[in-house]
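Read through the structure below, which is laid out as structure tokens, and then see the notes.
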Amino acid sequence: MTTKKRYEQDVNLRELDTTVVRLDRYLDRPALVLSETIFFPEGGGQPWDLGTINGVALAGVLEADGEVYHLLETGVLTNSDSPSAAFAPGQQVHLMLDWDRRFDHMQRHCGEHILSGIFFREFGGVNRGFHMGDEYMTIDISLEHNPDFETITWEMAVHAEAEANQIIWQNLPVTTRRYDSKEEAAGIPLRKELAVLEDISIVCVGSPDNPSDCVACCGTHPTNSGQVGLLKIYKVENYKGMFRIYFEAGKRALVDYQAKHQLIVTLGKKFSAGVEDLLSKVDAREAKSSEVRAEFHKLRQSVIQSRLAEISKTADEMKDTIPLPKVPMIVRVYDDLPVDDLMTIGRGMTGKFKGLLILHYPTAHTLFLFSDGKPDCGKLVKDHVDIYNGKGGGNPTSSRIIFNKPDYPELFIDLLEKHLR
Ligand SMILES: [Zn+2]
């Protein structure tokens, strides 16, 4: 015997007394089969209902061969320590629907019907995919049958959104009619050809003679379009030759609006702006910050040039020193420039100094070594890196070494001075 689906006659039924037909297992879980149910099993892109049977929470609801399996947590049917949780065939049980969850599904699902109907009516777009996610819903609209449209622009989406909300505000009846065969359902103005041959449910928004939308669907829907409340499109994306519409409906659209409004208010406080002048204040801040970036860049270049000039002067003076050390060394400590600028200074001395230039960057306990290849900077690091637990490497003309203690760079410089003297 098949389970009588009471939600098909009355979608607002939230409680019911019925009988356990048998205890079963489905998908490796204990399951109850009941003579009647108010719980919608997963189907048509709509998730399953939840609720309780005699106070025991459902883990899920699935349908197979006309029978609805009310899935329970493992242990509920076999746990003899918990007699209140045990069920037996023939037992009278009380069903309670998690109405908030169901109503959320109905609002979203019906919103999807209405919006798909609009894309069909306005642009000949066919819904080829539907996904109800936690953050948003999507429909994939194909324009394959309509040569008048090649794309769905944002303006078209905004138009569809306005039309969909019109249908919601008209509070049209949403009706479900059932047919035994495809032939019986012939002549109904469906937006999508029938995929099933028998036991067909057809859902219409508006008068069945001239509906705003009409499609085969097994899900649960509110009785009037007004219950959907609100529909908002978020974005349109190209998707496998179709157009993926991201949107939300019902309470979730309101919650999203509240979150985005709060975000605007917070941003407004940061920018001392209201909604009307927030964008212009953000633009002004952006312009100011790119001005500051340009000034900062100019300043850095000027510091780099003056440092290069100062090092070059020292290098020139060293030429007059008699006797010259075996390897002349210049050491500078710079903590006020980014690492990239230290590299620019070091490389800027290439060919201008016959010796070893060491730039010390104390913030990161780091030394940068530069030369014309004599001495070999990479080899200097490689040969001495372990002495002060440094890490680094490089090539003959430049290398880098990072230490884990702040006083190690200076000790390392002393070591190199002795080594190169
Ligand atoms: Zn539906």
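The values are calculated or read from the model by the stated rules, or taken from the named source; none is laboratory data. Model, not experiment: these values are computed from the prediction. Positions of Cβ are generated from backbone atoms using ideal geometry, with glycine treated the same way; all protein chains shown enter the neighbour counts. What goes into the accessible areas is simple: the full protein's heavy atoms, side chains included, and nothing from ligands, DNA or RNA. Shrake-Rupley method; radii C 1.70, N 1.55, O 1.52, S 1.80 Å.
Ranking Ala315, Pro338, Phe368 by how far each Cα lies toward the positive end of the dipole of the stretch 310-389 (charges on Cβ) leaves Ala315 at the top. The H on the amide N of Cys217, modeled in the peptide plane, is under 5 Å from the matching H of Ser201, Ile202, Val203, each at least 5 residues off or on a different chain.
Each part reduced to its alpha carbon centroid, the stretch 386-421 and the stretch 88-105 end up 73 Å apart. Net charge dipole, the stretch 194-294: roughly 740 debye, given to the nearest 20, about the Cα centre with Cβ charges of +1 for Lys and Arg and -1 for Asp and Glu. The mean accessible area for residues of the chain, using a 1.4 Å probe and ignoring ligands and nucleic acids, is 53 Å² per residue. Distance from the alpha carbon centroid of the stretch 198-275 to that of the stretch 128-149 works out to 13 angstrom. Here the Karplus curve 6.51 cos²θ - 1.76 cosθ + 1.60, taken at θ = phi - 60°, turns the phi angles of the stretch 43-57 into couplings of x, x, x, 9, x, 6, 6, 10, x, 10, 10, 6, x, 8, 6 Hz, with x standing for Gly and Pro. 3J(HN,Hα) along the stretch 329-345, derived from phi through the Karplus expression 6.51 cos²θ - 1.76 cosθ + 1.60 where θ = phi - 60°, amounts to 10, 10, 10, 10, 10, 10, 10, 10, 10, x, 3, 4, 6, 4, 5, 4, 5 Hz, with x in place of Gly and Pro. Per residue of the chain, the DSSP helices (runs of n ≥ 4 H) give a summed -39500 (n - 2.57) that works out to -11000 deg cm²/dmol at 222 nm.
Think of each Lys and Arg Cβ as +1 and each Asp and Glu Cβ as -1; about the Cα centre, that makes the dipole of the stretch 275-421 roughly 580 debye. For the stretch 362-379, putting each phi into the Karplus relation 6.51 cos²θ - 1.76 cosθ + 1.60 with θ = phi - 60° gives couplings of x, 3, 10, 6, 10, 10, 10, 10, 9, 7, 8, x, 10, x, 6, 4, x, 5 Hz, in residue order, rounded to whole numbers and with x for Gly and Pro. Summarising the amide proton neighbourhood of Lys352: residues at separation of 5 or more, or on other chains, whose placed amide H is nearer than 5 Å comprise an empty set. Placing unit charges on the Cβ atoms of the charged side chains and taking the dipole of the stretch 135-289 about its Cα centre, the candidate lying farthest along the positive direction among Val265, Met242, Ser225 is Val265. Each peptide in 102-109, 401-408, 127-134 receives the mean, over its residues, of other Cβ atoms within 10 Å, and ordering these scores from highest gives 102-109, 401-408, 127-134. Across the chain, C-alpha contacts under 8 Å between residues 6 or more apart give a mean separation that, scaled by the residue count, equals a relative contact order of 10 percent. If R0 is 56 Å, the Cβ-Cβ spacing of Leu267 and Asn54 corresponds to a FRET efficiency of close to 0.65. Computed from the Cβ-Cβ distance with R0 of 41 Å, the FRET efficiency linking Asp134 to Met343 stands at 0.30. With the Cα gyration tensor of the stretch 288-421 giving a ≥ b ≥ c as the square roots of its eigenvalues, does the rule (a/c under 1.5 for rounded; else a/b larger than b/c for prolate; else oblate) give rounded, prolate or oblate? Oblate is the answer for the stretch 288-421, as a/c is 1.5 or above yet b/c matches or exceeds a/b. Which of rounded, prolate, oblate describes the chain, given a ≥ b ≥ c as roots of the alpha-carbon gyration tensor eigenvalues and a/c under 1.5 marking rounded, otherwise prolate only if a/b is larger than b/c? Note, shape of the chain comes out prolate. Round to a whole number: what % of the accessible area of the chain belongs to carbon and sulfur, probe 1.4 Å? Whole-percent figure for carbon plus sulfur exposure: 53. Of the trypsin sites (Lys or Arg not before Pro) found in the stretch 243-345, the ones in coil according to DSSP and having at most 11 other Cβ atoms within 10 Å of their Cβ are Lys326.
Contact order for the stretch 147-255, expressed relative to its length and based on alpha carbon pairs under 8 Å spaced 6+ residues apart, stands at 27 percent.
Taking the Cα centre of the chain as origin and assigning +1 to Lys and Arg Cβ atoms and -1 to Asp and Glu Cβ atoms, the resulting dipole is close to 2260 debye. Of the GluC sites (Glu not before Pro) found in the stretch 268-302, those that fall in a DSSP loop while having at most 13 other beta-carbon atoms within 10 Å are Glu276.
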